[in-house]
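Undergrad: Have a look at this one.
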2 protein chains.
Amino acid sequence: MGNEPLQFDVVAFDADDTLWHNEPLFTTTENKFRKLLEPYHSQFWIDKRLYETEIKNLAVFGYGVKGFTLSMIETAIELTEGRIQGNEIQRIINFSKEMLKTPVQLLPDVAEIIPELARQHTLMVITKGDLFEQESKLARSGLADLFKFVEIVSEKNAETYGEILKRHRIAPERFVMIGNSLKSDILPVLSLNAHAIYIHYETTWQHEQVGSEETDGASYHRVDTVSDLPEYLNRLTGSVAG
Amino acid sequence: MGNEPLQFDVVAFDADDTLWHNEPLFTTTENKFRKLLEPYHSQFWIDKRLYETEIKNLAVFGYGVKGFTLSMIETAIELTEGRIQGNEIQRIINFSKEMLKTPVQLLPDVAEIIPELARQHTLMVITKGDLFEQESKLARSGLADLFKFVEIVSEKNAETYGEILKRHRIAPERFVMIGNSLKSDILPVLSLNAHAIYIHYETTWQHEQVGSEETDGASYHRVDTVSDLPEYLNRLTGSVAG
């Protein structure tokens, strides 16, 4: 690297689409929702109105499957001018229950790499969303015991990261955050002069995407997959690979 | 008291129906829901089925307004055999938005007593429910700055209290929890040999009620209103009243 070796008191991970697949669950459900409303409207229009309703409702419902479901129901009523049937609404509620019960599908190599990292580092999860849903996913992931700390927050911005560092008495320069969202996992962390490693994920929700101008000038690390992490962290910290 | 004076590192409060009114919001909404379904069913039957649906859905949705709303919608569809109209379902969604936006109504004297206690004690909030909703209520309550720690948990049992004490390195005998629910605020805390002060609230959700046999033998403190707390805590700690 040419730089001084770093020391990390805590190595923190995002969860959704970093440790396990999440966004595909929503896209699959959106497909089902689109099919349900196909008799009434075009696909383009359904997608557009659902997204608009979701964003409008975010301030009152927050992130997560339950808010998403209420937004789907609201969109369905609006787009059918109230003609949607009770049994069709029940199907939307059933979509949400399927989402909440579906087994957690870890990303490739996560099941091997996280235990390996836990032997060398103090690991933390920092995840945004619904408390109940995120706790349930972590429990079902089989990874819970490997993370010393779990922080579930309603929004990931510089303020929430700052509070977490303060509460755990971690100096920013001794903290690294790893995740798939530039907006939520990387940029706010860099703004605190902490470190961040970006791992690209196949799909990013429209709301999480940032334009290139927002990332310009910010200096973060990047690995291709989670399996690159042990060696990459060793290089950053100047450790000899175990 | 006749006992050795106690010392508290942290004085913790429940929030819903201890610091601010919460249950009446739900009862008000249940009344509106009942009215909406009046043309279809008897009041008794509506209440019964809504409660059953809520309890059944608790495992998948957790606590909070959004899960409650999805349960109302599901009950409405079921009780009308799908004949419920889109605009009626939209009204149910609107009930939930009203609940989430309604101003936080503090209990009597809370606005004066909490600042007074904050001058003498390290205060914590431990509240169960939806992360987003609870954070929003705390922010709107005007009390947020008076609590050094805020813990929002998905369930209040001996395990979650134990984790909180461990994480904050608080010895159970130096911790007191204050709240209106024997089931959630008092009994699990006593089981850890920590202290608990019960304050009765006018209404308790059926699900939070415990039979007398469950409280038998457990020894907790009890005050009538939050305004009794400063003097009561002074007596417990052997402090001279300020």
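We did not get these values from a lab; they are worked out from the coordinates using the rules stated. The structure displayed is predicted, hence computed values, not measured ones. Positions of Cβ are generated from backbone atoms using ideal geometry, with glycine treated the same way; all protein chains shown enter the neighbour counts.
Undergrad: Roughly how far apart, in whole Å, are the Cα centres of the stretch A:38-105 and the stretch B:22-78?
TA: Centre-to-centre distance over Cα atoms comes out at 20 Å.
Undergrad: Can you figure out the FRET efficiency of A:V223 with B:F149, using R₀ = 22 Å and their beta-carbon distance, to the nearest 0.05?
TA: Calculated value: 0.05.
Undergrad: Return the subset of A:K66/B:K56; B:K101/B:K183; A:K166/B:K148; A:K128/B:K128; A:K101/B:K56 for which the Cα-Cα distance in this structure is over 19 Å, preserving the input order.
TA: Listed pairs above 19 Å: B:K101/B:K183.
Undergrad: Let me ask something else about it. Apply 1/(1 + (r/R0)^6) to the Cβ-Cβ distance of B:N157 and A:E23, taking R0 = 30 Å, and write down the FRET efficiency to the nearest 0.05.
TA: The value I calculate is 0.40.
Undergrad: For a footprinting-style exposure proxy, rank B:Y198, B:Y40 by other Cβ within 10 Å, fewest first.
TA: So the residues, fewest neighbours to most, are B:Y40, B:Y198.
Undergrad: Counting Lys and Arg as +1 and Asp and Glu as -1, each charge on the Cβ, what is the dipole of chain B about the Cα centre in debye, to the nearest 20?
TA: For chain B, the charge dipole is close to 580 debye.
Undergrad: Is the protein assembly as shown rounded, prolate or oblate when judged by the Cα gyration tensor, a ≥ b ≥ c being the square roots of its eigenvalues, rounded requiring a/c under 1.5 and prolate requiring a/b larger than b/c?
TA: Oblate, because a/c is 1.5 or more while a/b does not exceed b/c.
Undergrad: Same structure, new question: Out of the GluC sites (Glu not before Pro) in the stretch B:1-96, which ones are loop residues according to DSSP with at most 13 other C-beta atoms within 10 Å?
TA: B:E81
Undergrad: Another question, if that's okay. Got a sec? Which residues in the stretch A:182-210 would a label at A:S239 touch, if it sits 7 Å along Cα→Cβ and we count backbone N under 19 Å?
TA: In the stretch A:182-210, the label zone of A:S239 (backbone N under 19 Å from the point 7 Å along Cα→Cβ) covers A:195-198.
Undergrad: Considering every residue in A:56-65, what mean count of other chain Cβ atoms within 10 Å of its Cβ is obtained?
TA: Across the residues of A:56-65, the mean count of other-chain Cβ atoms within 10 Å is 5.
Undergrad: From other protein chains only, count the Cβ atoms within 10 Å of every residue's Cβ in B:126-132, then give the mean.
TA: 6
Undergrad: Apply the a/c threshold of 1.5 to the C-alpha gyration tensor of the stretch B:23-101 and tell me whether it is rounded, prolate or oblate.
TA: rounded
Undergrad: What is the dipole size for the stretch B:23-101, taken about its Cα centre, with +1 at each Lys and Arg Cβ and -1 at each Asp and Glu Cβ, in debye to the nearest 20?
TA: In debye, rounded to 20, the stretch B:23-101 gives about 200.
Undergrad: Please state the shape class of chain A: rounded when a/c is under 1.5, otherwise prolate if a/b exceeds b/c and oblate if not, all from the C-alpha gyration tensor.
TA: prolate
Undergrad: Can I ask one more? Considering only the protein assembly as shown, what is the antiparallel percent among its DSSP beta bridges, to the nearest 5?
TA: Of the beta bridges lying entirely in the protein assembly as shown, close to 5 percent run antiparallel.
Undergrad: For B:L36, A:L50, which order do you get if you count the other beta carbons within 10 Å of each Cβ and list the fewest first?
TA: By the 10 Å Cβ count, ascending, the order reads B:L36, A:L50.
Undergrad: Using +1 at the C-beta of Lys and Arg and -1 at the C-beta of Asp and Glu, which of A:L19, B:I77, B:T203 has the Cα lying farthest in the positive direction of the dipole of the protein assembly as shown?
TA: Value: B:I77.
Undergrad: Could you work out, residue by residue across B:90-97, how many beta carbons of other chains sit within 10 Å of that residue's beta carbon, and then give the average as an integer?
TA: 3
Undergrad: Give the residue list of trypsin sites (Lys or Arg not before Pro) in the stretch A:125-226 that are DSSP loop and have at most 11 other beta-carbon atoms within 10 angstrom.
TA: In loop regions of the stretch A:125-226 (DSSP not H, G, I, E or B), the sparsely surrounded trypsin sites (Lys or Arg not before Pro) are A:R169.
Undergrad: Run lengths n ≥ 4 of DSSP H only: what is the helix-derived mean residue ellipticity at 222 nm for chain B, with -39500 (n - 2.57) per run over all residues, to the nearest 500?
TA: -14500 deg cm²/dmol
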